[in-house]
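First up is the structure itself, then whatever we jot down about it.
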Amino acid sequence: MKIVSACVGVVVALLFLVLVVSEPDQDIVAKSPLLGQPAPSVASTTIDGEPFALERRKGSWVVLNFFNSTCVPCINEHDLLVEFAASELANANAAELYTIINDDSSDAVREFFTKNGGTWPKITDDNGTIAVAFGVARVPETWIIDPNGIVRLRITGELSAGLLTEQVNRLREEFVS
Amino acid sequence: MKTRRSIWLAMFLLVGVLLVFGASRSGGPLTQQDRIDAITLNLACPTCSGESIYVSRAPASESIRSEVARQVASGLRTDDEIVSYIEQRFGGQVLLVPRASGVDSLVWALPVAALIFSAFLLFTAFSKWRTNKPTSPTLEDEQIVAQALKNQAESESK
Amino acid sequence: MLASAGISGTIGRAFLLVGFIGAIFGAFAAVAGARRNDQQIIRLIPRFATLIFAAAVGAFAAMEYAMITRDFSLAYVQKVGSWSTPALYNFAAVWSALEGSILMWVLILAGYTMAVAIWVRKRMQDVIATWALGVMFIVCAFFFLVSYFPADPFALGPPGVLDGPGPNPLLQNHILVMFHPPILYLGYVGVTVPFAFAIAALITGRVGEGWLVATRRWSLFAWGFLTFGIALGSWWSYEVLGWSGVWAWDPVENASLLPWITGTAYIHSVLVQERRGMLRVWNISLLVATFSLTILGTFLTRSGVLNSVHAFSESGIGAWFLAMFAVVLVVSVGLIGWRGDKLRSPGVIDSPLSREAAFLANNVLFAIFAFVVLLGTVFPLIIEALQDRQIAVGAPFFNKLSMPIGLALLTLMAIAPVLPWRKASTETLRDRLFWPAWCGVAALVASLLLGSYGVAPLLTFTLGGVASGAALRQVVLATRRQGLRGLVGRANGGMIVHLGVILIAVSLGASNSFSKSQELSLVANVEAQFSGHTFELRDVVEVRDDRSISVKALVLVDGKKIYAPAITKYTRIGMNVGTPSVRTSLTTDIYLTLEPPVRQDSNEARIKVFIKPMIMWLWIGTALMAIGTVLAAFPGRRRKPTEPTSAPVEVAKS
Amino acid sequence: MSENLVLLVQLQEQREFLLKSLRDLEQEHKFGDLDDQDFESLRKDYVSRTALVIKQIESFNADKQVPQQEPKQKSFRRSAITTLVVLVFASLAGWFVAAQSGQRLSGDSLAGSIEDSTASILSRARATNFVDPKAAIELYTEVLAIDPDNIEALTYRAWLLALISRNAGDEVKQLAFSSASNDLKRAIALDSEYPDAHCFLGITLFRLAGDPQGAKEQLTICSAKNPPAEVKGFVDSIVAEVDAALQE
């Protein structure tokens, strides 16, 4: 009897310990099984009907931004993306920025970009195939893929100022092609 | 009494035969929808707590559901491969069925071990209670107890 | 408008403070009165109970007033209030988020405290009652404090807000939101009463059977409401959530199931203690477990630790509940250890084939069941703490492990009701189980004729047949001896509850194993076939009001009646909610949901059809359980609990 | 309360309970819950237990002594071994259930299907392109063995071939050119939208075959199709030369 109660006591104490230490952690640079792996081969079209195949962008640094025009963090980070796209234009080894539309209508996205700027391609993602291929559950998410088609970085949640440029430059130096 | 016993025996036989018959019966071939349902029941919605893709109506779940449907329809992958495709993209937290290996398997093993161990404890408790029995009472014992019973009845009737 | 702004906040906080102080004073009065046995102090206790109840009512009314007048100066109203919410849902919005639900907890707890104070007012010289009230006052004080500090519903929000999003869309599209949470809370909070008496018995050292009998009806009351609340939740899940299921094993559901499991174990094992003087420590432990599981469940679901991905801790409430959990456990275990000498039971079990042995087995199974649910719920936290890795444990795990436990419990339900106390011979068993066993065979044959297959569902039906035969046998014997009075009382009402449970088990077995589903892409006015039914899309219409846009697909089922599954977009929250449409009958439900994406004025729609057998019997079983619980609590002319199971009831002794 | 008094209270409680049980027993027998044999053995059992307790109480009252507790004869070692055996058995059963019910997924990485495995070889080839062109060519050939129509492998193998044979003798150059241009044309035939193939065909035509006309044509298509940055770098460096050659 005493042994049983001692066991129960220990278990409860351990449970208590686990509960005390359990705390949700939040990292801006997120983990993904895809990091260091070839990017999933996804293909779709832009909202203007141009074909888009991620494989065909090998040779460039590619930045994918998963986006929904009603999500508040997406709206908040939009100016940073516009800034990033403009700053990349000057770069010889320019990163290409693509918006992947997540669960949103093309019209709403078009309207949003006309109003807020941003001329980079907007890729439709019917049924969320691209989002699932990258394991994107909640927008915004930003991914960086190197010129060899290897996934290098995943950023979940809203971007902070300068983060994207900083990370792209760091990666460009680290993985010189 | 003999007949009762044979009726019971017949009943057990009948139930056994019927159960075997029912178990060998099948519910028809699996449709694509059955496969989709089976897969999505074992995958967790990545944005909600504890719900499966099958249950959840969140946008991410809709996407995963349609991806599963697409892969099932294409017929190139088995159910396990589709599950592992999703798991490789979204990470281990989308597997609703805990793994059979590593620390994760404890969640399966502990309840079973606890059940067996508590059944053992119950068994030892039973046997302990039974071995406590003293031998049959003497005449003196009977008298003492009869007296005590009488005393008690008297004190209650007051 | 501005004049009232903030007023209800101030008043509400004042009420909470008064309640807290009242509870503290009440606790002091109870402890002091009980220790010195000072009747003058003790006589004050009911007044404190009345005071805290009045304070809780006041605070709740202030919240309702703020919600109804849309007082957007309060952060809580900003969060869940909206001018566009209809009055009914606006009323229910008060308990639709964390702070409000704690407030409701406070109200119900204060209500229980007052009810107990009234109940024991004639017996106030009995120190057990005083101590029990003291415990209740302490728990009240804790909840008033939580409501005053970390979960303050009256906190002011940022100024200048004129309208809010309204409650979560799932909480404003079905009338059940009015009933499910309050009823569940009545059960959840009601557990406090028997717990308080258990602690009081430990403190006074009078751990005999007296206090058990005294709180029997309170336990039954709480258990009944918990059962009914959980069942209503399942119904809600079925009617609102649109996945055609009743139970998803998500952490919130598990949190309500855990105390139910230990509570059910308790109302069984307490019979053994009453009758055979055994299991004293065990029963007290079950009560402690039940109460602490309500606290733990609240911690798990309200603190955000379990919403693994993108979790957000809204407030510091988690630490409060964790501390309370620790205090409850340490105090109770300490008391049990202190009173260990008095908790030694005089009785022993005479035979493993007896009613008390069946109850013991029942308790082992319920304990394992609770362990499974608790382990599965907290396991992701354990893995995260050990390996910093995220995993999920979900429905497939719980289903797989609870199925054998359920079957084992059904087996016990089949045998235990006919077992006599102390010792049964196989002869008795063979004799009494004869007809129930044939009921089982009949159920098996019938289910096979209807096309069932698979071992687990067939075993469920067979055991269900035997168990209902056994239960019916008891009811028939009781009514034959006593007429309609044979339906009331604990043993007989319990059998009605058993019948309800069996119906639920059978219905779950059937609907889980033999459901069919198919997604149909319907085109207007073209019939589609599935599983012997025809579905024809008539129209896709849009309905707008000022909080939502709803797209409905009008589907003609079997050429008879039009059903309208819908998807509603709640524009203020930006959330889509699917509303299923169900054709219910005694045998089969046809459950239709509209699948996104949808467009209005389209002549196409994707409809998911679920054909689910026997769902209706789930609700009938629930109703039977509710009726049985009421009958069991009914103060009818019962056999004394110490009488043999086969003894006739003495009629007209009065 | 002293130890002795506690014991006395316990004994009295036991006596009350046992007496009550005896009366219950009679009742239960009367109403047929117990058969004669069971009743007799249970009754004997209860009677002797009750008698023992009563005797203990009497002796306690007589000399105020703690009644002798019956010594517990329990082999600690035996029960420990039994417990251990059961524990081992329970863990084995648990492990078995876990192995049966837990999720088992094929342990391999993202390289599951053919599509995925070529993708991983392709990215390896990519990474070695300029470090070790020969190894990269082998990797591309490997991809083409799996998937003969893989446009990227066709294009890049041809391009690497052209690159390494640039400084070779004319004969080798000629051979390399015909092989490379065949592959590139095949890639273009398979997917005319792939910019890289056009770009590399243009460069190859100019560098290996000395055909500025054809080169210009391909390079124009290439530029129009928005080639990736790396390829664009190659093209930009050669366009001026091609234009100059055309001027002549």
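Residue count for the range C:442-477 under the criterion of being over 26 Å from D:Asp35 (Cβ atoms), within 12 Å of chain B (Cβ to nearest Cβ) and either of a type in the set (D, E, K, R) or crowded, with 19+ Cβ neighbours inside 10 Å (or both): the result is 12. Within the range A:100-133, can you find the residues that are aliphatic (A, V, I, L, M) and open to solvent by 20 Å² or more (accessible area, probe 1.4 Å)? The one that is aliphatic (A, V, I, L, M) and open to solvent by 20 Å² or more (accessible area, probe 1.4 Å): A:Ala108. The combined condition, being within 13 Å of chain A (Cβ to nearest Cβ) and either part of a helix (DSSP H, G or I) or under 30 Å from A:Cys7 (Cα atoms) (or both), is not fulfilled by B:Phe126. Looking only at residues of the range B:46-57 that are open to solvent by less than 20 Å² (accessible area, probe 1.4 Å) and closer than 21 Å to C:Tyr570 by Cα, we find that the one that is nearest to the chain's Cα centre (by Cα) is B:Val55. Only one of the numbered conditions (1) more than 28 Å from D:Phe96 (Cα to Cα); (2) of a type in the set (Gly, Ala, Ser); (3) part of a helix (DSSP H, G or I) is violated by B:Gly28, and that is (3). Of all residues in the range A:112-139, those satisfying the criterion of being within 12 Å of another protein chain (Cβ to nearest Cβ) and of a type outside the set (A, V, I, L, M, F, W, C) are A:Pro121, A:Asp125, A:Asp126, A:Asn127, A:Gly128, A:Thr129, A:Gly135, A:Arg138. Would you confirm whether or not the range B:74-83 contains a residue that is within 7 Å of another protein chain (Cβ to nearest Cβ), touching a Gly at 6+ places or on another chain (Cβ under 7 Å) and surrounded by fewer than 23 Cβ atoms within 10 Å (Cβ to Cβ)? Checking the range B:74-83: at least one residue is within 7 Å of another protein chain (Cβ to nearest Cβ), touching a Gly at 6+ places or on another chain (Cβ under 7 Å) and surrounded by fewer than 23 Cβ atoms within 10 Å (Cβ to Cβ). In the range A:70-94, which residue that is of a type in the set (S, T, N, Q) and within 11 Å of another protein chain (Cβ to nearest Cβ) is surrounded by the fewest Cβ atoms within 10 Å (Cβ to Cβ)? So the residue we want is A:Thr70.
Within the range C:576-592, if we keep just the residues that are within 14 Å of chain B (Cβ to nearest Cβ) and within 18 Å of C:Pro613 (Cβ to Cβ), the residue that is surrounded by the fewest Cβ atoms within 10 Å (Cβ to Cβ) turns out to be C:Pro580.
Of all residues in the range D:225-242, none satisfies the criterion of being out of contact with any helix residue (DSSP H, G or I) (no Cβ under 9 Å at 6 or more places or on another chain) and basic (Lys, Arg).
When the range C:147-162 is filtered for residues that are of a type outside the set (Ser, Thr, Tyr), closer than 30 Å to C:Leu329 by Cβ and buried (at least 23 other Cβ atoms within 10 Å of the Cβ), the ones remaining, listed by number, are C:Ala151, C:Pro153.
Filtering C:Ala528, C:Ala623 for residues that are surrounded by fewer than 18 Cβ atoms within 10 Å (Cβ to Cβ) and assigned by TED's automatic domain parsing to the domain that holds C:Leu508 leaves a single hit, C:Ala623. Would you say B:Ile64 is more than 8 Å from every other protein chain (Cβ to nearest Cβ) and touching a residue at least 12 places away in the same chain (Cβ under 8 Å)? Spelling it out, it is not the case that B:Ile64 is more than 8 Å from every other protein chain (Cβ to nearest Cβ) and touching a residue at least 12 places away in the same chain (Cβ under 8 Å). For the range B:34-48, which residues satisfy the criterion of being out of contact with any strand residue (DSSP E or B) (no Cβ under 9 Å at 6 or more places or on another chain) and within 11 Å of chain A (Cβ to nearest Cβ)? Listed by number, the residues that qualify are B:Pro46, B:Thr47, B:Cys48. One residue alone among A:Phe52, A:Phe84, A:Phe16 is among the hydrophobic types (A, V, I, L, M, F, W, C), in contact with a strand residue (DSSP E or B) (Cβ under 9 Å, 6 or more places away or on another chain) and either in a helix (DSSP H, G or I) or without any contact (Cβ under 8 Å) to a residue 12 or more places away in the chain (or both), and that residue is A:Phe84.
When the range B:87-100 is limited to residues that are part of a helix (DSSP H, G or I) and more than 10 Å from chain D (Cβ to nearest Cβ), the one that is surrounded by the most Cβ atoms within 10 Å (Cβ to Cβ) turns out to be B:Val94. Note on the range C:400-427: residues that are touching a helix residue (DSSP H, G or I) at 6+ places or on another chain (Cβ under 8 Å), part of a helix (DSSP H, G or I) and at pLDDT below 85 amount to 0. For the condition buried (at least 16 other Cβ atoms within 10 Å of the Cβ) and within 9 Å of another protein chain (Cβ to nearest Cβ), B:Val103 does not qualify.
Checked against the criterion of being open to solvent by 10 Å² or more (accessible area, probe 1.4 Å) and away from chain B (no Cβ under 13 Å), the candidates C:Trp243, C:Trp247, C:Trp260 yield just one match: C:Trp260.
Only one of the listed residues (C:Arg485, C:Arg490, C:Arg430, C:Arg480) is of a type in the set (D, E, K, R), touching a residue at least 12 places away in the same chain (Cβ under 8 Å), closer than 27 Å to C:Leu271 by Cα and surrounded by fewer than 19 Cβ atoms within 10 Å (Cβ to Cβ). That residue is C:Arg485.
In a residue-by-residue description of the range D:108-131, the property of being surrounded by fewer than 16 Cβ atoms within 10 Å (Cβ to Cβ) and either at pLDDT 80 or above or in contact with a His (Cβ under 9 Å, 6 or more places away or on another chain) (or both) applies to no position. Being in contact with a strand residue (DSSP E or B) (Cβ under 9 Å, 6 or more places away or on another chain) and in a loop (DSSP other than H, G, I, E, B) holds for only one residue in C:Ile349, C:Ile391, and it is C:Ile391.
The values are calculated or read from the model by the stated rules, or taken from the named source; none is laboratory data. Just so you know, these numbers come straight off a predicted model, no measurement behind them. Neighbour counts run over all protein chains shown; Cβ positions are idealised from the backbone, glycine included. Keep in mind that these areas ignore ligands, DNA and RNA; they rest on the heavy atoms of the full protein, side chains included. Shrake-Rupley method; radii C 1.70, N 1.55, O 1.52, S 1.80 Å.
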